[in-house]
Structure formats: C-alpha cells, structure tokens
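Bear in mind that the values in this text are calculations on the coordinates, not laboratory data. In this text, all values refer to a predicted model and were calculated from it rather than measured experimentally. Using ideal geometry, Cβ is built from the backbone for each residue, glycine included, and neighbour counts are taken over all protein chains shown.
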Amino acid sequence: MNNKILKVGTFFSGIGAPEKALERLKQEGYIKDYQVMFFSEIDKYAIKSYCAIHNISENLNLGDITKLSGKDLPRCNLWIGGFPCQDISAAGNMKGFEIESKTRSSLGWEMIRLLKEVNNKPEYVIFENVAMITSKKFKTTLELFKKDLKELGYTLYESVLSANDYEIPQMRKRYFLIAILNNCKKFSFPKAIKKSLFI
Ligand SMILES: C[S@@+](CC[C@H](N)C(=O)[O-])C[C@H]1O[C@@H](n2cnc3c(N)ncnc32)[C@H](O)[C@@H]1O
C-alpha cells in the first residue's frame, strides 16, 4: 500500500464514478487515502449529485474546463477525465474530436492544454471514453492526442475493458488511456475476472 494521500483532480466529473472507485481502493487497502483537490463540472444537477454522493463542498468545483488556467490548479498526483463522448459514440453523430472541431468531445484536448500549462504535472492521468474512439475513423486524432502526452513526458498504456469482465452485470466497453509521468511506475491492466454461473 502507498502510504501517501493521493491528491486527485477530476474533469468532466459528472457524478464522480472514478471517485467511487478510489473509495473502494481505500476500503480494500490499495491506497491509504485520497483527497479531491478540485473537480470540474458544468451541469447543475451533476454538481449537486456529485457533492451529495461524495460529501464534497461545491466550492471545490472549478466549473467550465475551458475557463481554467493550468497555473491556478493545485498540485495533484492524479487527474481523471472521462471527456464527453457524444461526438465519438455510435449513438451520437460521430463528428469526431479533432482539436479544431469545437465539438463537445474535443473538450478532451482541454486537459492536454492544462497539462502544458500546469506548474507541476500530475504523475498519473486517466482518460476514459467509449470504445469507438479506437476505430479507424478516430485513429488519427487519437494518435495526435497520445503524441502530445508522450511529448509531455508520459508513458501510455491503453485498453478497451468490458464492465462484465469485472463482475459488473453490464455489457459496457470503455476505452482507458493511462498516462504515467517519467515512467515513475509500471502499469498493467487488470486481467478479466473469470465468470462463474450460479443457478
Ligand atoms: C461523459 S460525462 C462524464 C461522466 C463522469 N465520468 C461520471 O463519473 O459521472 C461528461 C461530463 O462532462 C461535463 N462537461 C461538459 N462540458 C464541460 C465543460 N466545458 N467543463 C466541465 N465539464 C463539462 C458534462 O456535464 C458531463 O457531466
């Protein structure tokens, strides 16, 4: 177990599913504790839900990511951003997430901008999106996204994971991109948990 308190900042925070995962990691002894240094969300219902679920003050919400400056962000060990998927998802219009596109999904690039601006880059950054982001249609943009992260000093690990491989009764495939600064830790994705059927 790492004895340090993990300082966390999340973007596109929604209702804070990753924060729930951190809570579980704490309960299971993988991390000593974590502290949400800030979150960034614009939807008023999501903000209320987030604060109620995680017992966190609305004062920690920094609001619209496009209005943030990296220089003002507090030091964190971990950033997490499940950026909007509407323009990538098969259920959406698939307009893409090119930086110039100004689509909602292109807001993911705001995290890259902030990583370029911030004084102390977080050691770990987790991006999450729909599995469709790995399709041929979005390959070029995703490669550019990853190129920027590599140039910032991050080693990348990526995978599409399916929720039902991790004891969650739902067919939900999601793309995860894990960025680790200066190769400070080795990482491998957790193996699928063997399913068993009880009748
Ligand atoms: C795919 S959802 C993320 C869900 C989140 N991972 C969770 O656990 O609930 C994307 C979120 O980004 C938020 N969002 C959209 N534009 C934003 C912006 N400019 N700044 C901050 N958040 C934004 C949306 O309101 C939405 O809640």
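General observations
- Between L144, L107, L62, the Gaussian network model of the chain with springs among Cα atoms under 10 angstrom shows the greatest mean-square fluctuation at L144.
- Euclidean distance of C-alpha centroids, segment 148-199 and segment 66-135, integer Å: 17 Å
- Structure note, pairs K71/K191; K48/K139; K32/K185; K146/K186; K4/K71; K48/K191: Cα-Cα distances above 27 angstrom occur for K71/K191; K48/K139; K48/K191.
- If the segment from K136 to S159 were pulled out straight at 0.36 nm per residue, it would be longer than the present Cα-Cα gap by 6.7 nm.
- Contact order for the chain, expressed relative to its length and based on alpha carbon pairs under 8 Å spaced 6+ residues apart, stands at 17 percent.
- The magnitude of the dipole of the chain, with charges of +1 and -1 set on the Cβ of Lys/Arg and Asp/Glu and taken from the Cα centre, is near 480 debye.
- Calculated [θ] (222 nm, deg cm²/dmol) that DSSP helices of n ≥ 4 give over the chain, each run adding -39,500 (n - 2.57): -7000 deg cm²/dmol
- Inter-probe distance in nm under a simple model that places probes 7 Å from Cα toward Cβ, at N3 and Y166: 2.9 nm
- Stretch gain in nm, segment S89-K191, where the contour uses 0.36 nm per residue and the Cα spacing is subtracted: 34.2 nm
- Annotation note: GluC sites (Glu not before Pro) in segment 150-195 located in DSSP loop regions with a Cβ neighbour count of at most 10 within 10 Å are E167.
- Over all pairs of different C-alpha atoms in segment 1-100, the reciprocal of the mean inverse distance, the Kirkwood hydrodynamic radius, equals 14.7 Å.
- Length gained when the stretch E28-S101 is fully extended (0.36 nm per residue, less Cα-Cα span): 22.1 nm
- Between the listed residues V160, F11, N55, the Cα displaced farthest toward the positive end of the dipole of the chain, a dipole computed from Cβ unit charges relative to the Cα centre, is found at V160.
- Counting DSSP beta bridges with both ends in the chain, the antiparallel % (nearest 5): 50 percent
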